[in-house]
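Have a look at the structure below before the remarks.
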There are 2 protein chains.
Amino acid sequence: MRARVLIRLKRGILDVQGSAVLRALAGLGYAELRELRVGKVVELDLDAADPTAAAVRVEEMCRKLLANPVTEDFSIECPLP
Amino acid sequence: MRARVLIRLKRGILDVQGSAVLRALAGLGYAELRELRVGKVVELDLDAADPTAAAVRVEEMCRKLLANPVTEDFSIECPLP
C-alpha cells in the first residue's frame, strides 16, 4: 500500500528557503506569486492489510521520526491511488 | 489561486536520504516498509484568473527553477481546494 506524507513548516515559522525561491522566481518575471513555501514529501510503500491501520502506522512514524512537532505540521494521504 | 508542486528524484536515481530514513524507521520497528523516497513539496499562492493559465505558469517555473530536469520529476496540482 502506498502512502504520502506532506511535511511543512508551521504557519508562524519563517520559511527561508521559500522566501529565497519566491525572490528568485520574481526575478525571472513571475510577479504574480504572492506566497511560496517549501516542504518535504515522503512517499512510502508498506505492507498493510487495510488503509486505516496503515494510516495509523504512518502517523506514528511522523510523530516519532519524520516530522519535527515543534516546527512542522504534517498531513497524510493513505492509501494513494 | 493555490497550487502544489511535488518534486521527486527520478526512479533510477539513488535516494540517499530516503534510504537513511527507511533504515532509521526499520530500526524503530517499522518492518513493514518496503520503499521510502523523500522529495520536495512547493506550495504557491499566485494571482491568476483561470486554473489552466496558472498551471501553465507553474509548469514553466518548474522547468526554469524549481526542478532539476536531469535528476527530478515533478507533478503539479492546480488549483488546490
Rounded D (µm²/s) - chain A, Kirkwood Rh over Cα pairs, Stokes-Einstein at 20 °C, 1.002 mPa s: 150 µm²/s
On Cα atoms only, tilt of B:51-61 relative to the major axis of chain B in degrees: 60 degrees
Mean Cα-pair separation over length for region A:2-77, i.e. relative contact order, pairs under 8 Å, 6 or more apart, %: 52 percent
Dipole-positive endmost among A:7, A:58, A:26 within chain A (Cβ charges, Cα centre): A:26
Theoretical FRET efficiency, 1/(1+(r/R0)^6), r = Cβ-Cβ of residue B:14 and residue A:34, R0 30 Å, to 0.05: 0.25
Degrees, to the nearest 10: A:16-27 long Cα axis against longest axis of chain A: 50 degrees
Region B:39-81: radius of gyration over Cα atoms, expressed as a fraction of 2.2 N^0.38 Å: 1.16
Dipole moment magnitude, nearest 20 debye, the protein assembly as shown about Cα centre, only Lys, Arg, Asp, Glu C-beta charged: 400 debye
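Read the figures in this text as sums done on the coordinates, not as results from a lab. All figures in this text were calculated on a predicted structure; none of them were measured in a lab. Don't worry about glycine lacking a Cβ; one is built from the backbone with ideal geometry, like all the others, and counts go over all protein chains shown.
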